[in-house]
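Colleague: Mind having a look at this structure? Questions to follow.
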Amino acid sequence: MRRILGPARVLVAVLLVLAAALPAAGWEVRPDAPEEAFEAFHGRFATAAYHYPRHGASPLGLVGFDVYVDLAADQDFDDEPFYDQAVAGDLPADVLAVSRVGARKGLPGGIDLGASYAWVLDSDMKLLSADLQWAILDGGLLSPALSLRLTGTRSLDDGVYQLEQYGAELLLSKGFTVLTPYVGAGMAYSEGTLERLDGTELSTDDTQAVFYGGVTLNLLLPKITVEVEKGEAVQAAVKVAFGF
């Protein structure tokens, strides 16, 4: 199993959020990537950029909402054999970091609807995601909450590489006074397209299992979540949310 991101590397990655608005890209997908290298890149990138929940299974309720920012970091991305053939440039602090801003709103019937905008740090890649979560069990004082979650993601004007992704998961959590631990598992299907230098396109698709577990510290303001995620590799994420 790959090592999980250490605190110092997480801190560096968080600081890199400040550079996310800079127009210059530090790295990009190579349009001349060999087919095998591109397929390996896509499989790893797709689950690193997957729209994980980073919250528990309990529904927000009709008046509930969340607005949030989060950051996920894959520490070993540039150590993979495909990297030099599929990627041009260097990752910031040797970390593949994806940051999101988003919002979730509670609806009737135990349904929560969310949307987010993500950017891959030090690159031109942007991602738009939406999710729908339905509470099978609301949870209570002694019982856990269980939800079905559906997600979709599409890249936005990302140059030579485009990503389209869909996921379905089951999410289980149990709320306590100030802590809400949770776990989840599901499947993610991803399609990737590379625009070649000669004007042709190279396409690939990938289906992978995703697993995650985390805990939310429920302060009055804010709610802070730390999550460990497993797609093709293990990565860590931090989320800060405001709402009720």
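The values are calculated or read from the model by the stated rules, or taken from the named source; none is laboratory data. Given the structure is predicted, the values throughout are model-derived calculations rather than measurements. Positions of Cβ are backbone-derived with ideal geometry, glycine not excepted, and every protein chain shown enters the neighbour counts. Surface areas here come from the heavy atoms of the whole protein model, side chains and all, with no ligands, DNA or RNA. Shrake-Rupley method; radii C 1.70, N 1.55, O 1.52, S 1.80 Å.
Rundown of residues vs (1) acidic (D, E); (2) in a strand (DSSP E or B); (3) in contact with an Asp or Glu (Cβ under 7 Å, 6 or more places away or on another chain), yes/no style:
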site: L172; (1), (2), (3): no, yes, no
site: P181; (1), (2), (3): no, yes, no
site: A185; (1), (2), (3): no, yes, yes
site: A188; (1), (2), (3): no, yes, no
site: G199; (1), (2), (3): no, no, no
site: L202; (1), (2), (3): no, yes, yes
site: L220; (1), (2), (3): no, no, no
site: V228; (1), (2), (3): no, yes, no
site: E232; (1), (2), (3): yes, no, no
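Colleague: Every residue in segment 74-110 that is of a type outside the set (S, T, Y), part of a strand (DSSP E or B) and either in contact with a Lys or Arg (Cβ under 6 Å, 6 or more places away or on another chain) or within 27 Å of F244 (Cα to Cα) (or both), please. Talk me through it step by step, then tell me what you get.
Modeller: Let us first name the residues in segment 74-110 that are of a type outside the set (S, T, Y), namely 74-82, 84-98, 100-110.
Applying the additional criterion that residues be part of a strand (DSSP E or B) yields 74, 87-89, 96-98, 100-107.
A88, V98, R100, V101, G102, A103, R104, K105, G106, L107, listed by residue number.
Colleague: Now for a different question. I'd like to check something: does segment 186-200 contain any residue that is of a type in the set (S, T, Y), in contact (Cβ under 8 Å) with a residue 60 or more places away in the chain, surrounded by 17 or more Cβ atoms within 10 Å (Cβ to Cβ) and over 30 Å from P31 (Cβ atoms)? Working first, answer last.
Modeller: In the first step, residues of segment 186-200 are kept if they are of a type in the set (S, T, Y); the result is 189-190, 193, 200.
Those left that are additionally in contact (Cβ under 8 Å) with a residue 60 or more places away in the chain: 190.
Filter once more, so that each one left must be surrounded by 17 or more Cβ atoms within 10 Å (Cβ to Cβ): 190.
Add one more test, that the residue is over 30 Å from P31 (Cβ atoms), and what stays is none.
For segment 186-200, residues of a type in the set (S, T, Y), in contact (Cβ under 8 Å) with a residue 60 or more places away in the chain, surrounded by 17 or more Cβ atoms within 10 Å (Cβ to Cβ) and over 30 Å from P31 (Cβ atoms): absent.
Colleague: Among the residues of segment 61-110 satisfying the criterion of being more than 14 Å from the chain's Cα centre (by Cα) and of a type in the set (V, I, T), which is farthest from V234 (Cα to Cα)?
Modeller: Top of the filtered list is V63.
Colleague: Could I ask something else about it? Which one of D90, D74, D78 is farther than 22 Å from G231 by Cβ and of a type in the set (D, E)? Lay out the reasoning, then the answer.
Modeller: Values: D74 fails: farther than 22 Å from G231 by Cβ; D78 fails: farther than 22 Å from G231 by Cβ.
Unique residue meeting the criteria: D90.
Colleague: Given the criterion at pLDDT 95 or above, open to solvent by 50 Å² or more (accessible area, probe 1.4 Å) and closer than 18 Å to S155 by Cβ, identify the matching residue among A115, A97, A86, A72.
Modeller: Of the residues listed, the single one that is at pLDDT 95 or above, open to solvent by 50 Å² or more (accessible area, probe 1.4 Å) and closer than 18 Å to S155 by Cβ is A115.
Colleague: Of the conditions (1) closer than 25 Å to V69 by Cβ; (2) open to solvent by 40 Å² or more (accessible area, probe 1.4 Å); (3) part of a strand (DSSP E or B), G214 satisfies every one except a single condition; which number is it?
Modeller: Looking at each condition in turn, G214 falls short on (2).
Colleague: Is segment 14-24 home to any residue that is more than 18 Å from the chain's Cα centre (by Cα), modelled with pLDDT of 95 or more and not hydrophobic (A, V, I, L, M, F, W, C)?
Modeller: no
Colleague: Could you please find all residues in segment 125-135 being surrounded by fewer than 20 Cβ atoms within 10 Å (Cβ to Cβ) and touching a residue at least 24 places away in the same chain (Cβ under 8 Å)?
Modeller: As a first pass, look at segment 125-135 and keep what is surrounded by fewer than 20 Cβ atoms within 10 Å (Cβ to Cβ): 126, 128, 130, 132, 134.
Matches in segment 125-135: K126, L128, W134.
Colleague: Return the residues of segment 45-76 that are of a type in the set (F, W, Y) and under 16 Å from G186 (Cβ atoms); say none if nothing qualifies. Can you show your working first?
Modeller: Within segment 45-76, the first condition is being of a type in the set (F, W, Y), and the residues that meet it are 45, 50, 52, 65, 68.
Selection gives Y50, Y52.
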